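Engineer: My structure is below; once you've seen it, I'll send some questions.
All of the numbers you see were taken from the coordinates with simple rules; none came from a lab. No experiment lies behind these values; they were computed from the predicted model shown. Backbone-built Cβ (ideal geometry, glycine too); neighbour counts: all protein chains shown.
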Amino acid sequence: MHDRRSLAGLAVLLGLLIATPAEAHKLKVFATAEGGVVSGYAYFFGGGRAMETRVTVTDPRGRTLIELRTDAEGTFRFDTKQRQDYRITVDSGDGHVTSTTISAADLPEPSVMADVADMTLRPKVAEAAVVPPPAEPEPPMTAPDVATLVEAAIAHQIRPLREQVDAWNDRILVHDVLGGLGYILGLAGLAYGLTARRRTKAGPDAGGG
Amino acid sequence: MHIADGVLSTPLLAAGAAVAVIGCGLGLRRIAPERIPQVALVSSVLFVAALVHFPVGPSSVHLVLSGLAGVMLGWAAFPAIVVALLLQAVMFGFGGLTVLGVNAVNMAVPAVLCGLLFEAVRRRGNHRLTLVAAAAAGGGSVLLGALLTTLSIRLGAPQFGDSVWLVVATALPVAVVEAVFTAAAVGLMLKVRPEALEAPQLVFSHA
């Protein structure tokens, strides 16, 4: 009788718990700066982009600068106003939080910030920097202009590389798994050794740990 | 069941750590030396299980197997889970070190609870009822764990709670998979090695 009741209790519990969340995978964020524009996306370890997820951008002192949400593809994008570190925190609302920092070094000088923001939105302009300038360019390009364009073009080009490096870092390698299993084996051996010592001290009938 | 570092408030983290230490102590005192390999084996399985992802809708979920741990280990599931979570945090970056106690409690309390309920049913000796209990333990501990995780976030980080109830659907497939898995594992053990389920650590206290 008692068991049947506990089973019924379990069934009721199951019913109640159907309305609960779980999982339980790591949230990740990728972000990169192209010119003055920071763009990126939030995703879950092992699949799925984090859609409609809160993104908070803070400065090095922890003040909130921008609050936004990821779109249906999990991506976000914002303009930077100053050359400083931007800390991007993504919070999926179910206990998963992660953050990444765009360092000041990845952002252009403040004087050209606005121009670059414009240019990166129009990649054709950026490409123009690589192609030799036409025979009669209307206004001759100044050195800072060229530097900015080159920087923007490079940022654009290395973005896939950065994504790849990020994905590479996420990989769980066989040796991580084997290492963990080794630790467990070691702990078990330790536990066994300790209990064995106690057993021999207390006599053969004393039982274990 | 991996809440990340930096989400929960300090009092909750401290409480979780305290409960985890107590649970570990209780569990360790109940492990007979000849059971240590079994505890280690289950701990290894738990450690690896979280790597088994399967897609659910736009997202993906992973196995928890806390029910199996409870069924096979009873109280000893506590230290087994703590070790598995610790290594997952260190090796894979799942969860985190400060939040280890809370995560362990969220997983181990349902495991022990379901393990004890299973043990009560198993002792009656009815094969079919035992399998049903194993399935219930497998699924129930996942769902109970999800509930505790939700509660932790509600209590320890109310500002994060806005979409906590929206992840509803994701726990359910895991619970179903683990219910089937646990019942199958228990069925196999009953046939091949019934003493593996006899859980002497539930009967004798070595305290």
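Engineer: Please compute the average number of Cβ atoms from other chains found within 10 Å of each residue's Cβ in peptide B:143-152.
Structural biologist: 5
Engineer: Rank these for me by crowding, A:175, A:156, B:62, going from fewest to most other beta carbons within 10 Å.
Structural biologist: A:175, A:156, B:62
Engineer: Let me ask another. Which FRET efficiency, nearest 0.05, do residue A:162 and residue B:191 yield, Cβ-Cβ r, R0 51 Å?
Structural biologist: Calculated value: 0.45.
Engineer: Please arrange B:47, B:118 by how many other C-beta atoms lie within 10 Å of their C-beta, fewest to most.
Structural biologist: B:47, B:118
Engineer: Order A:190-196, B:124-130 from most to least packed using the mean count of other Cβ atoms within 10 Å.
Structural biologist: A:190-196, B:124-130
Engineer: Next up: Just to compare against my own numbers: the Cα pair-distance distribution for the range B:10-203, 5 Å bins, whole % per bin, please.
Structural biologist: P(r) over the range B:10-203, rounded to whole percents: 1, 8, 16, 21, 21, 16, 9, 5, 2, 0.
Engineer: Additional query: Check every DSSP H run in chain B and write down those whose alpha carbon atoms cover 24 angstrom or more along the long axis and whose mean Kyte-Doolittle hydropathy is 0.0 or greater.
Structural biologist: Both cut-offs are met by B:10-29, B:100-122, B:127-156, B:168-192.
Engineer: A further question follows. Per-residue Cβ counts within 10 Å, from other chains only, averaged over A:174-183: what number is that?
Structural biologist: 5
Engineer: For chain B, what is the mean residue ellipticity at 222 nm derived from helices alone (per DSSP H run of n ≥ 4: -39500 (n - 2.57); sum divided by total residues; nearest 500 deg cm²/dmol)?
Structural biologist: Result for chain B, helices only: -23000 deg cm²/dmol.
Engineer: I would also like to ask the following. Using a 10 Å cut-off around each Cβ, can you sort A:199, B:122, B:35 from fewest to most neighbouring Cβ atoms?
Structural biologist: Placing the least packed residue first, the sequence is A:199, B:35, B:122.
Engineer: Using a Förster distance of 60 Å, how high is the FRET efficiency between residue A:104 and residue B:180, based on the Cβ-Cβ distance and rounded to 0.05?
Structural biologist: 0.70
Engineer: State the three equivalent ellipsoid semi-axes of the range A:139-198, derived from the C-alpha gyration tensor as the square roots of 5 times its eigenvalues, in descending order and whole Å.
Structural biologist: Ellipsoid semi-axes (Å, largest first): 57, 11, 4.
Engineer: Suppose a student asked you for the relative contact order of chain B, using Cα pairs under 8 Å spaced at least 6 residues apart; what percent would you report?
Structural biologist: Once normalised by length, the contact order is 29 percent.
Engineer: Further, regarding this structure: Tell me the trypsin sites (Lys or Arg not before Pro) within the range A:35-96 that lie in a loop according to DSSP and have at most 12 other beta-carbon atoms within 10 Å.
Structural biologist: When the trypsin sites (Lys or Arg not before Pro) of the range A:35-96 are filtered for loop state and at most 12 Cβ neighbours within 10 Å, A:61, A:63 remain.
Engineer: Still on this structure, please answer the following. Determine the shielding of peptide B:2-10 by partner chains: average, over its residues, the number of Cβ atoms on other chains within 10 angstrom of each Cβ.
Structural biologist: Shielding by partners across B:2-10 averages 4.
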